[in-house]
Amino acid sequence: MNRSTGRTIQLLPLFLIVWTVLNSQTGRPETFQFTAQELANQQATWSPGEVTIRRNRDPQDELVFVLVNPTKRTHAFESPGLLELAIDDQDGPLARPLRVTVAPGESLQIRVGVAQGEREPDPACTTAGECYRFYCPLHRGDNDPGGIIRVIP
Ligand SMILES: [Cu+2]
């Protein structure tokens, strides 16, 4: 092994670390996981109940939600104001209100966007940015305000 090869091998771990850090900050979708949870009285919720999404990176960066349903019932994830970004075979890219059904034992990955336009301010949203509620519309309790997603610019 000559001298410069030895030096390259010594520096390899450093290159790997730099590459990993750069790669995690650009181009990779930002992913958030929500897991369905059964509650008392046949109600259900998605956990965690509160998530903060910082959009200070490139706004073109993808936002991905992973919805996991480990329970024995079908649940749905609904979040007014957020959009599911999908590709339709016939119509191409489309954005529809975020309401996704997840079968028992199923795990879905969806691309998420934020709807444009005026929104009613949420009284629980005291921080800068926008708040979006989420819940299971099939098993939501009458007094359940739902979880909250804070999107901070
Ligand atoms: Cu449910």
Query raised in the report: Is it the case that Arg133 is of a type in the set (Lys, Arg) and part of a loop (DSSP other than H, G, I, E, B)?
Result: no
Report task. Name, by its number, the condition in (1) β-branched (Val, Ile, Thr); (2) within 16 Å of the ligand (Cβ to nearest atom); (3) assigned to a strand (DSSP E or B) that does not hold for Ile87. Result -> (2)
Query raised in the report: Within segment 78-94, is even one residue closer than 15 Å to Phe65 by Cα, out of contact with any Leu (no Cβ under 8 Å at 6 or more places or on another chain), of a type in the set (S, T, N, Q) and open to solvent by 40 Å² or more (accessible area, probe 1.4 Å)?
Result: no
Report task. Among the residues of segment 108-123, count how many are open to solvent by 40 Å² or more (accessible area, probe 1.4 Å) and part of a loop (DSSP other than H, G, I, E, B). Result -> 7
Query raised in the report: Among (1) part of a strand (DSSP E or B); (2) open to solvent by 60 Å² or more (accessible area, probe 1.4 Å); (3) modelled with pLDDT of 95 or more, which single condition is Pro70 missing?
Result: (1)
Query - Count of residues meeting criterion [outside any strand (DSSP E or B) and either under 18 Å from Tyr132 (Cα atoms) or more than 9 Å from the ligand (Cβ to nearest atom) (or both)] in segment 43-57 - result: 5
Query raised in the report: Out of (1) modelled with pLDDT of 90 or more; (2) surrounded by fewer than 16 Cβ atoms within 10 Å (Cβ to Cβ), the odd one out for Leu16 is which?
Result: (1)
Query - Any hit, segment 105-122, residues being under 26 Å from Ala40 (Cβ atoms), within 16 Å of the ligand (Cβ to nearest atom) and without any contact (Cβ under 8 Å) to a residue 40 or more places away in the chain - result: yes
Requested in this report: Select from segment 137-153 the residues that are part of a strand (DSSP E or B) and more than 15 Å from the ligand (Cβ to nearest atom) and list them in ascending order.
Outcome: Ile148, Ile149, Arg150, Val151, Ile152
Requested in this report: Go through segment 124-136 residue by residue and tally those that are open to solvent by 40 Å² or more (accessible area, probe 1.4 Å) and either within 16 Å of the ligand (Cβ to nearest atom) or in contact with a Leu (Cβ under 9 Å, 6 or more places away or on another chain) (or both).
Outcome: 1
Report task. Would you check if there is a residue in segment 32-39 being within 16 Å of the ligand (Cβ to nearest atom) and modelled with pLDDT under 95? Result -> yes
Query raised in the report: Checking Asp61 against (1) open to solvent by 80 Å² or more (accessible area, probe 1.4 Å); (2) away from the ligand (no atom under 16 Å from the Cβ); (3) over 24 Å from Asp122 (Cα atoms), which test does it fail?
Result: (1)
Requested in this report: Within segment 75-93, track down each residue that is in contact (Cβ under 8 Å) with a residue 40 or more places away in the chain, at negative phi and touching a strand residue (DSSP E or B) at 6+ places or on another chain (Cβ under 6 Å).
Outcome: His75, Ala76, Phe77, Glu78, Ser79, Leu82
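The values are calculated or read from the model by the stated rules, or taken from the named source; none is laboratory data. Not measured: the values here are computed from a predicted model. Ideal geometry is used to build each Cβ from the backbone, glycine not excepted, and the neighbour counts take in all protein chains shown. The accessibility values were calculated without ligands, DNA or RNA, using every heavy atom of the protein model including side chains. Shrake-Rupley method; radii C 1.70, N 1.55, O 1.52, S 1.80 Å.
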